[in-house]
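Take a look at the structure set out below.
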Amino acid sequence: MSTLTAEAADSAVADRGQVCTRCIIDETVPGANFDQNGVCAYCHLHDEMAALYPLTPAGEAKKLAMIDRIKRAGRGKPHDCVIGISGGRDSTYLLHLAVKLGLRPLAVHFNDGFGNPVAGENMTRATEKLGVKLLTITSDWRESKDLKIACLKASIPNANMSTDIGLAAALFGAAAKHDVNYILIGQSFRTEGIAPLPWNYLDGKHLKAIHDRFGTRELRPWKPEDPGFHLGSRELFYYIVRRRIRTVPLLYYHDYVRSEVDGLIENELGWVNPGAHYFDDLYQALLQNLQRVKFNMDRRKFNYSALVRSGQMDRDDALEQTSAIYALEDPKVIDLCIKRLGLTRPEFDEILVSPPKTFRDYPSGYDTLVKVRPVLKILASLNLIPQSTYLKYFKYAC
Ligand SMILES: [Zn+2]
């Protein structure tokens, strides 16, 4: 699967430093903080989250109570929840699961110009077979491109932040427009893992600051039902407090076994694997390459660690796979992404060698969030924000 030379593979292995004795998180991952037994902080966070979302009869009862709340809130409305779908495995399965549990989702796809056609066909087939309405929200390409280039020029590790924010904003916007109170998200800490904050930091204020500095065109103003790329504190207040829109990580409550899911969605929904994980979005090829070359980051480390902890992947196998360059870094797809952004190869190469920065180098909402941490703890205990968000951002923040 790899095209890596033996020499480069050796250097990738040599770069690891200490490796967690339980998963494959190593010293290159910020916040690894190994304990006296050599177990990383992410393993402890995993255990804490597994206790919050147990796969036991009690956990199952919690899941069913949640489903019941969603159904009650949606009574008399055409939809009771919004589900963001990409045509990839996790979101396709989430949609399938929601329908099997008797929910009436509105499927929302956010298209920012880098969708994989295979994933697109998956979405059409799955929604047709499940009888679910599919709403595609296409971002303003000029804005999407300008923001992506701004993130690249800012040299931040989370160079795809604008798409993450645009997607979240699109889901809130669709929920507001269709009078829906719940957004189901397809993440699962058991299979996808927990991203280190410095690798994954995002917030609307941060994106705006980066765009103000590196962007070249004005963004359209925020409208509640057409938010574009705006999701700062004002917008979040509107959606979460005024419109009472909640996000629910449904797969947290569910025994999600990745290897069993492929067969199920292939047989029932005609799903076709779009390639390596996350390849529902072609931009992931460029992102993976940029993050490895410029930031010595490999997101497979926390993805595979999650599978190792959940007993869904062999640890040695995970170590071996991550010692080679990920097949996702397809040079042809990377070239296509560069071209689609309107950049030349030398311009992209310049971005690759410019000094790396962190989210701390630009204004963000992080310091404010830290100040209001006790309030967030209360909100989490009231289930107004997911408990997992609190744990992830604050208890283990580095
Ligand atoms: Zn670990």
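The values are calculated or read from the model by the stated rules, or taken from the named source; none is laboratory data. The shown structure was predicted, so the numbers you read here are calculated from the model rather than taken from an experiment. When we count neighbours, we look across all protein chains shown, and the Cβ atoms used for this are built from the backbone with ideal geometry, even at glycine.
Data overview
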item: Inter-residue pairs, beta-carbon under 6 Å, first polar (S, T, N, Q) and in region 206-235, second surrounded by 14 or more Cβ atoms within 10 Å (Cβ to Cβ), 6+ apart; result: Thr216/Asp146
item: Complete set of residues in region 253-296 that are more than 20 Å from Gly87 (Cα to Cα) and hydroxyl-bearing (Ser, Thr, Tyr); result: Tyr253
item: Residue selected from region 127-161 under the condition part of a strand (DSSP E or B) and among the hydroxyl-bearing types (Ser, Thr, Tyr), by the criterion surrounded by the most Cβ atoms within 10 Å (Cβ to Cβ); result: Thr136
item: The lone exception for Ala168 - which of (1) under 26 Å from Arg340 (Cα atoms); (2) modelled with pLDDT of 95 or more it fails; result: (2)
item: In region 327-350, the residues that are in contact with a Lys or Arg (Cβ under 7 Å, 6 or more places away or on another chain) and in contact (Cβ under 8 Å) with a residue 60 or more places away in the chain; result: Leu341, Gly342
item: Out of Leu207, Leu250, Leu171, Leu231, sole residue that is buried (at least 23 other Cβ atoms within 10 Å of the Cβ), within 30 Å of Ser305 (Cβ to Cβ) and out of contact with any helix residue (DSSP H, G or I) (no Cβ under 7 Å at 6 or more places or on another chain); result: Leu171
item: In region 293-320, the residues that are in contact (Cβ under 8 Å) with a residue 12 or more places away in the chain and either closer than 18 Å to Met161 by Cβ or of a type in the set (Gly, Ala, Ser) (or both); result: Lys294, Phe295, Met297, Arg299, Phe302, Ser305, Ala306, Ser310, Ala318
item: Helices (runs of 4 or more DSSP H) lying entirely in region 263-358 (those with 1 or more residues that are within 23 Å of Asp26 (Cβ to Cβ) and within 16 Å of the ligand (Cβ to nearest atom)); result: 300-309, 315-321
item: Test result for Thr92, part of a helix (DSSP H, G or I), touching a residue at least 12 places away in the same chain (Cβ under 8 Å) and of a type in the set (S, T, N, Q); result: yes
item: Failed item in (1) assigned to a loop (DSSP other than H, G, I, E, B); (2) more than 11 Å from the ligand (Cβ to nearest atom), with Glu48 passing the rest; result: (1)
item: Any hit, region 342-358, residues being under 23 Å from the mean Cα position of the chain (by Cα) and among the small types (Gly, Ala, Ser); result: no
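This table checks each residue for (1) surrounded by 15 or more Cβ atoms within 10 Å (Cβ to Cβ); (2) touching a residue at least 24 places away in the same chain (Cβ under 8 Å); (3) of a type outside the set (Phe, Trp, Tyr); (4) within 16 Å of the ligand (Cβ to nearest atom).
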{"residue": "Ile25", "(1), (2), (3), (4)": "yes, yes, yes, yes"}
{"residue": "Val29", "(1), (2), (3), (4)": "yes, yes, yes, yes"}
{"residue": "Asp35", "(1), (2), (3), (4)": "no, no, yes, yes"}
{"residue": "Cys43", "(1), (2), (3), (4)": "yes, yes, yes, yes"}
{"residue": "Ala58", "(1), (2), (3), (4)": "no, no, yes, no"}
{"residue": "Met66", "(1), (2), (3), (4)": "yes, yes, yes, no"}
{"residue": "Ile70", "(1), (2), (3), (4)": "yes, yes, yes, no"}
{"residue": "Ala73", "(1), (2), (3), (4)": "yes, yes, yes, no"}
